[in-house]
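What follows is a short report on a single structure.
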Amino acid sequence: MRTKTNAGIPLEPERYELRAAAPYRFDLDRRDFFKFLGAGVVVVSVLKPAIVAQESGGGRQRRGESLPQQIDAWLHLGENGKVTAYSGKVEVGQNIRTSLSQAVAEELRVPIDRIEMVMGDTQLTPFDMGTFGSRTTPTMNPQLRKAAAATREVLMGLAASQWKTDPQQLVASDGKIVDPKSNHSIQYAVLLKGQQITQSISADQPLTPATEWKVAGQPALKVDGRDFVTGKHRYPSDQKLPNMLYGKVLRQPSFNATLVSADTKTAEQMGATVVLDGNFVGVAAPSTQAAEAAIAAIHAEWKSEPQISNKELFDFLRKDATQGKDPSGDGDHYETGSVDQAMSSADHRLQQTYTVSYIAHVPLEPRAALANWDGDQLTVWTGTQRPFGVRGQLVEAFHLPEEKVRVLMPDTGSGYGGKHTGETAIEAARLARAAKRPVKVVWTREEEFSWAYFRPAGVIDVVSGVRGDGTITAWEFHNYNSGSAGIRTYYEVPNQRIVFHEVHSPLRQGSYRALAATANHFARESHMDELAHALKMDSLEFRLKNLKNERLRAVFEAAAKQFGWGKSKSPGQGFGMGGGYEKLGNIATFAEVNVDSKSGDVRVMRVVSGFECGAIVNPDNLRNQIEGSNVQGLGGALFEVIEFENGKILNGRLSQYRVPRFSDLPALETVLLDRKDIPSVGAGECPMIGLAPAIANAIFDATGVRLRALPLVPNGLKAS
Amino acid sequence: MSTIHLAINEKSYGVDTDPKTSLLTVLREHLDLTGSKYGCGEGQCGACTVLIDGKAQRSCITRVGSVAGKQITTIEGLAKGDRLHPVQQAFLDEDAMQCAYCTSGMIMSAVALLQKNAGPAEKEIIDFMDGNVCRCGTYPRIVRAIQRAAKAQAPAVAKGVSR
């Protein structure tokens, strides 16, 4: 399944993310804009180039005409000089509030602090499918830049007609239009006094080339950083309304349990609002403590079926996929050449199996929502990567028309792909409707561990055939359950069979930063190392021999140089690499590990990342994202694993589930390749994918032990 | 239920609650001081860190009754008017945050560390801060921010000594 976006970039065929609702039909009259925003100029960004051409053909629109649908962003420059950009994207720590502000500042030629970004509010911002898949930089960023550039041109046109001069000779700078010939100069705000102009961007709106960027392409500090270091920013879990109650939900004793009976009398006598509705049992009370006490006072009986444990997981995944299902039926299937023939005529064949466990996102802010009903109008503040998706869930849960539901997303305490759903929004809204008061639901860490969803576990079988000279001739790759992101190989292999097998997952699973690309790259890049070893070839040389993609070669070569690939090592030390291509970015990761032969302790000492994502928008934030990917990636590579048994999570607390800490930190070095000739793409995910195989390969280099399961060393090397 | 007297950020509060209630709950629910965050509820992540008589403490596992009468400082009490504390300023300057949900706790821990040790070595920073989790993985920047704050504070300390 593939969908095309306006930029012509294929959206990753990732089944866990394609739960988009029908695009919002935006139907706002242009006069509403000015009633709401005040006079000035509004430039809208439209998704469909065909519509853009139609709508912008006649230049400015006539008064009263409704604006085009399928808007994905708009920008307002007020007669007070204030710039407000509206986007349905959300901020979860990837710093797009800053990078999008930079984009607007660049094209509009105004200081960055004059820009306000309104994001992720289903009432104020245009429909957006969600903030995931590293889509913001390649799609939203150019759209907003175009809107800002078009706004600048409107201003130049206004100034030119005022001065009766050619707009071509005017210059925009620091919030003013300047005529260098006559030395005329006028503030944007003065030009816009009393104006009500609307315009759509044209598909071929010229943009400032990356080589001439002054604001974009430069390091920029988090635009509202001060609110975060002072504790002033209100995250979803910090939201409060007068008369607000605190909600709690009675959790099932195991997954998929159904409620048989519940005695809620005591809870009601305690003064709590109690809701018993199907499988939902919840309370609302004036404090979290009172709500917890009321929940504890409910006696409920549940019925559940026996469920598998993580010990049987990998057998189950393979068995479930092959029983009663065409293995190639539901998943992606890619085939070229003649794999079976090439495999039988290869000089060497290698067959190996790799596995990845379920892991948890552990966003430091757990899911949270505050819901408020005003008659039949529902407003919910919640932390989600898909505010419009959550609106859809609320519409469905409460049988409401779309316009009756507003979802707002205050900048949230991270997501990593783990906050695509609206559990707390629905819970809070259900309780608020019963209580007739605003209700806030904040999940505990234990609830977040058990009742959110996990990165999918998976089994990956790889069979390869190579010639004695190191040329790969055949490649067969089967991924069971973990997903198809990054499943295709970028090495040149004439005969390939690549299959994704869908499985009914025993645990609730979903999107996770970099999706299955981590698993697929782990398998592929480990396997490449195993082949190089079998052929007695250098790992880098073997990769480059089979790699034509210039951008990927460039990051491998740059990172190898920085790392000092080929240098000698001391006992216990090991070097390894892994890399690849994902979400249009290119990464090569080199790792140095140290293995204590007595204790079996594995320490990652140094990580060098070579990364290229087109023209760099904000180099400082890019480094921050790459470092963060590596630090977070350490957990899934080394020790993070969800243990479960019979429908229960066994290690669902932070004291039982280890996440990377300061003391796990390796020396991190980043080599950035800035390709100003290539459009910018996102960087929140790709940098993560090379780390796990680089570490596994380095452990092999240090010890001769080949580890083919993620996490690699949850209990150190000896015990694993 | 009893009235507990608290001194928070140089202000006095009387809170009617069970002394066993966590300090974090009192800060967030009773006093609307939401800068201190809930992350785990068992003292494992440090997002709720506050200073009790100058020492870093996890407010989620601190009973409010145990801190009556002590000097409590939260992230909201760190800046003096518009002037940020040097540690806050250093976190800004190093851009030592992504989602920033851990930032208050990180800053409070770092303030406690620098009060105890004005010029910590990198290893000392890592050891002291190891109980604070940043899930976005900004640890390298946080270490740099703490080093920067230590440097920024150093002249002030030296001046104080010379006087």
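The values are calculated or read from the model by the stated rules, or taken from the named source; none is laboratory data. Because the structure is predicted, anything quoted here is derived from the model rather than measured. Note: ideal-geometry Cβ built from the backbone for every residue, glycine included; neighbour counts use all protein chains shown.
Brief remarks on what is shown
- Reported count of residues in the range A:166-207, each being surrounded by fewer than 16 Cβ atoms within 10 Å (Cβ to Cβ) and of a type in the set (V, I, T), is 2.
- If the condition is being more than 10 Å from chain A (Cβ to nearest Cβ) and in a loop (DSSP other than H, G, I, E, B), then the range B:23-45 contributes only B:L31.
- Criterion violated by A:G647 - all others in (1) in contact with a helix residue (DSSP H, G or I) (Cβ under 9 Å, 6 or more places away or on another chain); (2) closer than 30 Å to A:E305 by Cβ; (3) not aromatic (F, W, Y) satisfied: (1)
- Residues satisfying the stated conditions in the range A:165-186, i.e. in contact with an Asp or Glu (Cβ under 9 Å, 6 or more places away or on another chain), in a strand (DSSP E or B) and of a type outside the set (A, V, I, L, M): A:S185
- Here is the figure for the range B:1-50: residues that are of a type in the set (F, W, Y) and buried (at least 23 other Cβ atoms within 10 Å of the Cβ) total 1.
Residues checked against (1) modelled with pLDDT under 90; (2) of a type in the set (G, A, S):
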site: A:A73; (1), (2): yes, yes
site: A:T84; (1), (2): no, no
site: A:V90; (1), (2): no, no
site: A:A105; (1), (2): no, yes
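- Count of residues meeting criterion [in a loop (DSSP other than H, G, I, E, B), under 16 Å from A:A434 (Cα atoms) and within 14 Å of chain B (Cβ to nearest Cβ)] in the range A:359-409: 0
- Some residue of the range A:180-187 being within 14 Å of chain B (Cβ to nearest Cβ) and over 24 Å from the mean Cα position of the chain (by Cα): no
- Residues that are over 18 Å from A:E446 (Cα atoms), of a type in the set (G, A, S) and buried (at least 17 other Cβ atoms within 10 Å of the Cβ) within the range A:289-304 comprise A:A290, A:A294, A:A297, A:A300, listed in sequence order.
- When A:P111 is tested against (1) surrounded by 15 or more Cβ atoms within 10 Å (Cβ to Cβ); (2) in contact (Cβ under 8 Å) with a residue 40 or more places away in the chain, exactly one condition is not met: (1).
- Residues of the range A:463-519 classified as modelled with pLDDT of 95 or more, acidic (D, E) and not in a strand (DSSP E or B), total: 2
- Just one of the numbered conditions (1) touching a residue at least 12 places away in the same chain (Cβ under 8 Å); (2) in a loop (DSSP other than H, G, I, E, B); (3) away from chain B (no Cβ under 11 Å); (4) of a type outside the set (G, A, S) is not true of A:K598: (1).
- Scanning the range A:208-250 for residues that are surrounded by fewer than 17 Cβ atoms within 10 Å (Cβ to Cβ) and either in contact (Cβ under 8 Å) with a residue 24 or more places away in the chain or within 30 Å of A:L364 (Cβ to Cβ) (or both) turns up A:P209, A:T211, A:K214, A:Q218, A:P219, A:D227, A:K232, A:R234, A:K240, A:L241, A:P242, A:N243.
- The listed residue being crowded, with 21+ Cβ neighbours inside 10 Å and modelled with pLDDT under 95, out of A:N621, A:N630: A:N621
- Of the helices (runs of 4 or more DSSP H) lying entirely inside the range B:65-160, the ones with 1 or more residues being more than 19 Å from A:N630 (Cβ to Cβ), within 14 Å of chain A (Cβ to nearest Cβ) and touching a strand residue (DSSP E or B) at 6+ places or on another chain (Cβ under 8 Å) are found at B:103-116.
- Some residue of the range A:541-562 being in contact with a Lys or Arg (Cβ under 8 Å, 6 or more places away or on another chain), free of Cβ contacts under 8 Å to residues at least 40 places away in the same chain, of a type in the set (A, V, I, L, M) and surrounded by fewer than 21 Cβ atoms within 10 Å (Cβ to Cβ): yes
- Looking at B:K116, B:K80, B:K70, just one residue is over 26 Å from A:Y416 (Cβ atoms) and in contact (Cβ under 8 Å) with a residue 24 or more places away in the chain, and that residue is B:K70.
- Within the range B:1-17, the set of residues being touching a residue at least 24 places away in the same chain (Cβ under 8 Å), closer than 13 Å to B:G65 by Cα and part of a loop (DSSP other than H, G, I, E, B) is empty.
- A:P687 vs. criteria surrounded by 19 or more Cβ atoms within 10 Å (Cβ to Cβ), in contact with a strand residue (DSSP E or B) (Cβ under 9 Å, 6 or more places away or on another chain), within 14 Å of chain B (Cβ to nearest Cβ) and over 24 Å from A:N715 (Cβ atoms): yes
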